[in-house]
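Some notes on the structure that comes next.
The values are calculated or read from the model by the stated rules, or taken from the named source; none is laboratory data. Worth saying up front: this structure is predicted, and the values here are computed from it rather than measured. Every residue, glycine among them, receives a Cβ derived from its backbone with ideal geometry; neighbour counts consider all protein chains shown. Remember, those area values only see protein heavy atoms, side chains included, never the ligands or the DNA or RNA. Shrake-Rupley method; radii C 1.70, N 1.55, O 1.52, S 1.80 Å.
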Amino acid sequence: MTGSTPGREKKITVMKFGGATLATPELMKGVARRIVDVRNTGQDVVVVVSAPGDMTDNLIAKAQAIAEFPDEREMDMLLATGEQQSIALMAIALKSLNCDAISFTGPQVGIVTDDAHCKARIVKMGSDKILKALRLGKVVIVAGFQGETEEEEITTLGRGGSDLTAVALAADLTAVVCEFYKDVDGVYTADPRVVPTASRLLNISYDEMLEMASLGAKVLYNRSVEFAKKSGVVLHVRSAVRPEPGTLIMEEVEQMEGVMVSAVTHTKQEAKLTILWVPDKPGIAATIFGRLADEDLNIDVIVQDISEEGTTNISFTIRQKDLQRAKKIVETLVKEIGAKGYQADEKIGKVSVVGVGMRSHSGVAAAMFKALSERGINIVMISTSEIKISCIVEENRVEEAVQAIHEKFKLSNLTS
Ligand code: ADP
Ligand code: ASP
Ligand code: MG
């Protein structure tokens, strides 16, 4: 992010580097040189780093090899160590280039969160320590993804949370733009790993990026986009190794509505549960979804069939990892509410089209469904909002579905 704090002469640039860009000592040294280049343009630099490479995944796997459902407070203690390694190594790399630098953990720079371990929300920021170090001429390196509660308990902000740290710092330091350096050089019309001919977008609105991030485009953490929208920080997703500009995520401008569909996104590893022959009377859905919410299960798409002979089927989707837990709850619910039983579809995924242009163009749903039917891909469920349409399909057809829809809306090779 580049911006100016009142009373400051120099602009502050906040640069966020993702795990893939820090995976090896060589890559770290390259990142350090890039930071020095920006600092040499006369700006103050605040850097936010993720844990190197796959470290967070590896730490989670280690904990799960010990316990199926590890204690969440202790998971935060464990996962916060990944980013702590990155900050120290980056400070070492910068100092070896004769660039004065200092590393801080999230708690050290006053990032205060609530106590929802593993998915904490930021409640307060404090930039005094950062500003003091900048005044001393140092590059400040902050560990992404972490904070602490008022009781000084370490917390983490959810997977991808370093993006949120960067945006929150950008907002707190009154920056105008927050720079994200990644292994991908921008936001594309689909995940380039699934559609190699996908086009890089020059800019995209906060609302579209928020839908994309929430519907599986892991390029930015959805909560970081939400935060940016609220605080008006412009986000810039760009390559960690190439100098060219990437994609700007910003307030909607008029010409964005001219495009019918901006991107196709997807998720895998979801599951569907159907409760059969549910008595069709008021209060039943409230009982079912109330119980699932009490158990902290995230429900995505819900469909209720038309009622026949006083009963109906209710289907909903969840993450595959929550399936066993959900099944146990549903088994009890079936008995309690007098339903006939339930069915589980363990391997489904979701493909979605996103675009603010949908507000003013009709026919998007029809074209999407046609693309799927031409490939013989069955639509299991559908959900829509003002600027997106999602279809649940079999998990092993998800990639093909993304490619078919991307082709139908002619999204390949749109920009350079
Ligand atoms: P970081 O480590 O910097 O946080 P991530 O690995 O979380 O970065 O996100 C970058 C990855 O997001 C890319 O490697 C790419 O495969 C994936 N991705 C998914 N959808 C998109 C998209 N629409 N545009 C760009 N990248 C995408
Ligand atoms: N290291 C954390 C993760 O992998 C946070 C991040 O990289 O944004 O989810
Ligand atoms: Mg990420």
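Results for (1) among the small types (Gly, Ala, Ser); (2) over 26 Å from the mean Cα position of the chain (by Cα), shown as yes or no for each residue.
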| site | (1), (2) |
| --- | --- |
| 282 | no, yes |
| 285 | yes, yes |
| 288 | no, yes |
| 291 | no, yes |
| 296 | no, no |
| 305 | no, yes |
| 311 | no, yes |
| 314 | no, yes |
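Quick one: would you say residue 5 is of a type in the set (S, T, N, Q), surrounded by fewer than 20 Cβ atoms within 10 Å (Cβ to Cβ) and at pLDDT below 95? Criteria met by residue 5.
Residues in segment 189-201 that are open to solvent by 40 Å² or more (accessible area, probe 1.4 Å) and either modelled with pLDDT under 95 or basic (Lys, Arg) (or both): 193 alone. Of the residues 230, 272, the single one that is more than 16 Å from ligand 2 (Cβ to nearest atom), crowded, with 16+ Cβ neighbours inside 10 Å and basic (Lys, Arg) is 272. Identification of strands (runs of 3 or more DSSP E) wholly contained in segment 118-165 with 2 or more residues that are of a type in the set (A, V, I, L, M) yields 122-124, 139-143. For segment 133-182, a residue qualifies if it is within 11 Å of ligand 1 (Cβ to nearest atom), of a type in the set (Lys, Arg) and out of contact with any Gly (no Cβ under 7 Å at 6 or more places or on another chain), and exactly one does: 159. For segment 356-378, the criterion of a residue being in contact (Cβ under 8 Å) with a residue 40 or more places away in the chain and closer than 18 Å to residue 318 by Cα is satisfied by no position. The set of residues in segment 166-186 that are within 16 Å of ligand 2 (Cβ to nearest atom) and assigned to a loop (DSSP other than H, G, I, E, B) comprises 183, 184. Within segment 204-226, is even one residue more than 10 Å from ligand 1 (Cβ to nearest atom), buried (at least 18 other Cβ atoms within 10 Å of the Cβ), in a strand (DSSP E or B) and touching a residue at least 40 places away in the same chain (Cβ under 8 Å)? Yes, that holds for at least one residue. Only one entry in 57, 44, 100 is under 30 Å from residue 26 (Cβ atoms), open to solvent by less than 80 Å² (accessible area, probe 1.4 Å) and without any contact (Cβ under 8 Å) to a residue 12 or more places away in the chain, namely 57.
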